Amino acid sequence: MQDPHKEFLLKLQNTFRVEAEDHLQSILSNIVVLEQGVDGAQRDYVERILRTLHTLKGAARAVNSTELEHLCHALEDVFSALRTLDRTLTSEQFDLLHQGGGLARQLLVEPSGRVRNQVAALGVRLNHLSKEISEAEKPEILATETNNDTGTADSVHAAALPDISDTVDVAKTDVIRVQGRNLDAIRHQAEALLSVELALQHHITELLELADDMSDRQDELQVAESVSRKPGARMRSTHANKDMTGGAVKIGGDDGQFEFRCRQLATALGRTRRHFVGIRDKLMEATLETAMVPSSSALEQLPGLVRNLARASGKEVVLDIEGGSIQIDRRILNIVREALIHLVTNAVDHGIEPRERRLANGKSAAGKIRVAVAQIDSNRIAVAVSDDGGGIDVDAIVAAALKSGNVNQEQVTGLSERQKLQLVLHVGISTSVEVTPVSGRGVGLAVVAEKAASIGGGLRIDTTVGSGCSFELLLPVRLATVRGLVLRTKGTRFVFPLFGVEAVRALRVGDIRTVENRETLLFGGRVVPAIRLANLLGLHRADSAQSNGEGVAVVAHTDGNTFALLVDEVLFEQEVLPKSLGKQLRRVRCITGAAQLGDGSLVPILALKDIAKRGLEAGNDAPPTQRDPASTATVRRLLVVEDSITSRLLLKHILESAGYAVETAIDGLQALSKLRQEDFDAVVSDIEMPHLDGLALTERIRANPKTEDLPVILVTSLQSSQEKERGLRAGADAYVVKGSFDQDNLLKTIRRLI
């Protein structure tokens, strides 16, 4: 049995670590501001630091953290001496204070013997510093006391300051600490209620459909009865009625009551659902509000980061921060915190020039970095990081992108200046001439863009050479449900988030045109590149209604690029709850998560940015249906499997006339022998053949790792739906019926597959 006393001490230690981390972050942030110089407010910041140190020292004493208690006491001596000093400390003296904060953190995380020794040594140096400050200020204090009969000037100044500790205590009376995992558990349960709501709506729809079926059935029975009453038709109609109902004819009665009861129940369920939705919305709102935290918790670490980076690089940097009171979802705040570290590091290391270069260009010696968090509307925030440095050299970005292999010269030629600037967000692209300990590998900005895209946000870049640049993150305030379009293509459903959608448009014959060897759509006076979702995701196994004249185009935009996503149909618009794919599927191409629909099925959520990136970067190749195999450098090789010599020669002639190299086999066994010896781009086979038919051949092809992805087209006289289903179940990619044989259809099918 666990000792209750030890359990309490463990809980107390955990509480202390959280509290101490908050206090240390506040102390370090105020030290940075103090170092930057605050006209007339030095005493204010010193008082804040002293109060926090005193609180931290008392908490450390309560949990027997002796080393931390002594370190806080040594720091208190320094700031007590600094309280009446008219001048600021040197950079080297401030280094000691920052070192004290860093060692205090290490005592919280890993209080090893080495860390304790470092704390003891630093304590001695801090004692020397406090004595040095005290000796320096004595003459000034005596002079002040001599010239002031009613009291010291310090006492008057201190009295005029607000009592910060009282203000903080009042603000904290309505605040409690909740462990993050407990808050997440409550949020997950509240979000899960959306699935219950969707299931309710699905059951209501099923009830109404059942009522409609009963109504149709009654109408049919009434028609049958009216026919049976006509002379000469009674015997035949009565027999039909018995066939329809499986027994004696009943019109109205139980069926009518059952229909009425179904509609009554659907109406009652509808009222219950609306009441449930109202409660769920309020619960979700309260849960999300609980998870909101001020953005200052992500901003307060930046002053120390900028100071350390500037000191390491020998630069002078002034940091300006705004918007610390903006409330953000705790999960989004973690992304903001990580993004700001990358962006600020990039600004100091790449953006701000060295002092000598700035002065030569007529700038101030100290570079300026501004971080601002602003509320755009109720659902979005903007996090901007700007600097007055040298800006971004677009030509250098293009050169780095070409060198890395992310793009080729032909692709670069067609890019606008803004699109060229966006290349800096690709992994491996950096304009730095050398790799430093903090940057130069071309990873930081790519991480920022990917993180923003993962929650439905985006990153915008603006730059002016010689004047600086700015990065603006556009992010949602909260992470919860999203509205999306439920699409279907090649028999598979997907959810496409609405935040990037401009329009949805039904396609007509001739809407999709080939421009510069790429499929495009004319939309709003613009030529928009088209991306076929089925081709992008490799969905080639199911029949599809989409062609050049059918289907739906979803026009969307991201990162300054507009495109048309071509799908078979848009089913409906619905609110969904995104769920991650889990640790095992950390990165799936073009998929960002999954959502549960009302019928209980899980549907993938499309990643807007990934779709655009991969679809547009696929090059300006013509779609598969537009290629002419005779014009390609390598002639495609086909294997025709047909036991009828007439059909075999006909297929061979058609395919060779289209520019293919054709080999033939008289049955499945011979085809397998040739597949083992030679490579082919596709197989065109009959189904009914001796020894090994087309279905068995297809199964053997799919079972062999060497040929499992080889396209197989079945050409047969069997045109029943059951036979077609057997062929597709065996693994065939397409099914062409001889009775309605059209050589253009066959060629189009082959071109689509290879």
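The values are calculated or read from the model by the stated rules, or taken from the named source; none is laboratory data. Computed from a predicted model, the values in this text were never measured in an experiment. Cβ sites come from the backbone with ideal geometry, for glycine too, and all protein chains shown count toward neighbours.
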Review point. In the stretch 680-693, how many are modelled with pLDDT under 90 and either within 22 Å of Leu747 (Cβ to Cβ) or of a type in the set (Asp, Glu) (or both)?
Key: 4
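Identify all residues within the stretch 358-401 that are part of a loop (DSSP other than H, G, I, E, B), in contact with a strand residue (DSSP E or B) (Cβ under 8 Å, 6 or more places away or on another chain), over 30 Å from Ile332 (Cα atoms) and among the hydrophobic types (A, V, I, L, M, F, W, C); write none if there are none.
Pass one, the stretch 358-401, residues part of a loop (DSSP other than H, G, I, E, B): 361-366, 376-379, 388-393.
Then keep just the ones that are in contact with a strand residue (DSSP E or B) (Cβ under 8 Å, 6 or more places away or on another chain); that gives 366, 376, 379, 388-392.
From the residues that got through so far, the ones that are over 30 Å from Ile332 (Cα atoms) too are 366, 390.
Answer for the stretch 358-401, where residues must be part of a loop (DSSP other than H, G, I, E, B), in contact with a strand residue (DSSP E or B) (Cβ under 8 Å, 6 or more places away or on another chain), over 30 Å from Ile332 (Cα atoms) and among the hydrophobic types (A, V, I, L, M, F, W, C): just Ala366.
For the stretch 552-563, check the following and say yes or no: at least one residue is hydrophobic (A, V, I, L, M, F, W, C), at pLDDT 70 or above and surrounded by fewer than 19 Cβ atoms within 10 Å (Cβ to Cβ).
no
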Check your understanding: Restricting the first residue to the stretch 287-300 and requiring it to be under 28 Å from Asp320 (Cα atoms), which pairs with a second residue that is of a type in the set (S, T, N, Q) and part of a helix (DSSP H, G or I) meet a Cβ separation below 6 Å and a spacing of at least six or different chains?
Key -> Glu300/Gln25; Glu300/Ser29
Check your understanding: What number goes with the only condition from (1) small (Gly, Ala, Ser); (2) crowded, with 16+ Cβ neighbours inside 10 Å; (3) at pLDDT 80 or above that Ser430 does not pass?
Key -> (3)
Practice item. Test Ser657 against the criterion of being out of contact with any strand residue (DSSP E or B) (no Cβ under 9 Å at 6 or more places or on another chain) and hydroxyl-bearing (Ser, Thr, Tyr), and give yes or no. Key: yes
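Does Ser295 satisfy being in the same structural domain as Val447 (by TED's automatic domain parsing) and touching a strand residue (DSSP E or B) at 6+ places or on another chain (Cβ under 6 Å)?
On the way: in the same structural domain as Val447 (by TED's automatic domain parsing): no; touching a strand residue (DSSP E or B) at 6+ places or on another chain (Cβ under 6 Å): yes.
No: the conditions fail for Ser295.
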Exercise for review: Report, by residue number, each residue of the stretch 56-96 that is part of a helix (DSSP H, G or I), among the hydrophobic types (A, V, I, L, M, F, W, C) and within 29 Å of Leu309 (Cα to Cα).
Suggested key: Leu56, Leu68, Leu71, Cys72, Ala74, Leu75, Val78, Phe79, Ala81, Leu82, Phe94, Leu96
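Give Thr520, Thr514 a once-over and let me know the one that is assigned to a strand (DSSP E or B) and either modelled with pLDDT of 75 or more or among the aromatic types (Phe, Trp, Tyr) (or both).
Numbers: Thr514 fails: either modelled with pLDDT of 75 or more or among the aromatic types (Phe, Trp, Tyr) (or both).
Going through Thr520, Thr514 in turn, the sole match is Thr520.
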Review point. If you go through the stretch 66-77 one residue at a time, do you hit one that is out of contact with any Lys or Arg (no Cβ under 7 Å at 6 or more places or on another chain), among the β-branched types (Val, Ile, Thr), crowded, with 17+ Cβ neighbours inside 10 Å and in the same structural domain as Gln118 (by TED's automatic domain parsing)?
Key: no
Review point. For the stretch 55-64, what are the residues that are touching a helix residue (DSSP H, G or I) at 6+ places or on another chain (Cβ under 7 Å) and not basic (Lys, Arg)?
Key: Thr55, Leu56, Ala59, Ala60, Val63
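Tally up the residues in the stretch 349-364 that are touching an Asp or Glu at 6+ places or on another chain (Cβ under 8 Å) and either of a type in the set (A, V, I, L, M) or within 14 Å of Leu319 (Cβ to Cβ) (or both), please. Break it down stepwise before answering.
In the first step, residues of the stretch 349-364 are kept if they are touching an Asp or Glu at 6+ places or on another chain (Cβ under 8 Å); the result is 351-352, 355, 361, 363.
Next, from what is left, pick out any that are either of a type in the set (A, V, I, L, M) or within 14 Å of Leu319 (Cβ to Cβ) (or both): 351-352.
Of the residues in the stretch 349-364, 2 are touching an Asp or Glu at 6+ places or on another chain (Cβ under 8 Å) and either of a type in the set (A, V, I, L, M) or within 14 Å of Leu319 (Cβ to Cβ) (or both).
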Point to revise | the stretch 686-710 - residue that is of a type in the set (Lys, Arg) and not in a loop (DSSP other than H, G, I, E, B) and, of those, surrounded by the most Cβ atoms within 10 Å (Cβ to Cβ) | key: Arg700
Practice item. Among the numbered conditions (1) more than 17 Å from Met292 (Cα to Cα); (2) without any contact (Cβ under 8 Å) to a residue 40 or more places away in the chain; (3) assigned to a helix (DSSP H, G or I), tell me where Val344 comes up short. Key: (2)
